[in-house]
Amino acid sequence: MPDLRAAVIGAGRLGSLHARKYAALDGVALTHVADVDGDRARKLATETGARALTDYRELAGKVDLVTVASPSLSHREVAGAMLSAGIDVLLEKPMAATLAEALQLADLAKNHARVFQIGHLERFNPAIVRLRSILNNPRFVECDRLAPFTERGTDVDVILDLMVHDLDVILSLTSAEVASVEAVGVAVLTDSIDVANARIRFRNRMIANISASRVAPRRERKIRFFQPDAYISVDYEARRVQIYRKSPAPPGAKFPTISAEQLDLGEGDPLADEIKSFVDSVRTRTTPAVTADDGLRVMQLCEQIRASMSAESLPG
């Protein structure tokens, strides 16, 4: 079969990673890299054997699929133009700056019959992939996603910048609807929320407590699940799953014992897996691993969290 023609829009850190993965993937030809910064586009294009563009709109008719890794505030405009041009899109998270914009993108993808995958990368983390076979009706989820401050991603608040990863993971693990949200957030170094905590109650009575900070002294990416038969701790970065299970009390003992198991899953390559999954969906015209509906569900919850924060700030 002929190679699919691919492009990457946005030659920053994430776009560069995407471009290198496409360039190394069999059955795909990375033909273009687009960025408003011409020097940055040319540098990445030279490295990957592609052609540099400064106007992404020139891609119409020249490529079959594209990763959009431009700033979050531009996602509606850029991804919308690509979908309208008949190009399949892998859109880096967040799906858009607002739920209304995300809904517009979903409608465009549907109306133009495009494969539209949302780039929630943690879905492809080996630890999360393995977790799905271990979870059994979790009752409480606790997440901490902390990072030192960088300028990257600050065009949106920490909810769309960092917390969105864990929101997607949790929503992908339950079909239960959200019953209530309580959230607080503060701006520290930017004009938007930099530190946030959300307590989410689902209609199946599961509760999730999620914290995110982009002004932390250290980097941490962990999620923990408490379920009737086990406590499960996942370190996203170490790709490690720790499982603690209750065992019956031994003869003569008063209390049960706890057994521990650790699964080290190796490095893996989540981004390569994500891109390959997207390319496979484009080639076979099948539903992508992370759909527009998945992205909309996350965006809706983000807006509920923001609304709760706004209510919290009201006097009285």
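What follows draws every value from the coordinates through simple rules; no lab data is involved. Keep in mind the model is a prediction, meaning the values are calculated, not measured. Quick reminder, even Gly has a Cβ in these numbers, built from the backbone with ideal geometry, and neighbours come from all protein chains shown.
If you take all other residues with their beta carbon under 13 Å from the beta carbon of HIS32, and give Lys and Arg +1 and Asp and Glu -1, the sum is +1.
Using the Cβ-Cβ distance between GLN262 and ASP26 with R0 = 51 Å, the FRET efficiency computed as 1/(1 + (r/R0)^6) comes to roughly 0.90.
Over 30 Å apart at the Cα level, from the set LYS43/LYS222; LYS93/LYS246; LYS43/LYS276, are LYS43/LYS222; LYS93/LYS246. Between ARG139 and ILE207, the modelled label-to-label distance comes to 1.1 nm, taking each label 7 Å out from Cα in the direction of the beta carbon.
FRET efficiency for the ASP3 to ARG130 pair, using the beta carbon distance and R₀ = 45 Å, is estimated at 0.85.
Just add up the charged neighbours of CYS143: K/R +1, D/E -1, any other residue whose Cβ is under 13 Å from the Cβ of CYS143. Charge balance in the 13 Å sphere: -2. Could you tell me the calculated FRET efficiency between THR46 and SER175, based on Cβ-Cβ distance and R0 = 51 angstrom, to the nearest 0.05? That pair, THR46 with SER175, gives E of 0.65. Centroid-to-centroid, using Cα positions, the stretch 119-161 and the stretch 200-235 are 9 Å apart. Computed extension gain for VAL188 through ASN111, at 0.36 nm per residue and net of the alpha carbon distance, reaches 23.6 nm. Around LEU4, with a cut-off of 13 angstrom between Cβ atoms, what is the net charge of the other residues, counting Lys and Arg +1 and Asp and Glu -1? Local net charge: 0. Listed values for the stretch 197-206 are Karplus-derived 3J(HN,Hα) couplings in whole Hz (6.51 cos²θ - 1.76 cosθ + 1.60, θ = phi - 60°), namely 9, 10, 10, 10, 10, 9, 5, 8, 6, 5, and x replaces Gly and Pro. Once backbone amide H atoms are built at 1.01 Å from N, VAL215 has ALA147 as its partners under 5 Å, excluding neighbours fewer than 5 places away on the same chain. Under 5 Å between amide hydrogens, built in the peptide plane, is the criterion, and for ASN125 it picks out nothing among residues at least 5 positions away or on other chains. Inter-part distance, the stretch 244-316 to the stretch 1-58, computed on C-alpha centroids, equals 30 Å.
So what is the relative contact order for the chain, in percent, with contacts set as C-alpha pairs under 8 Å and at least six apart? After rounding, I find 17 percent.
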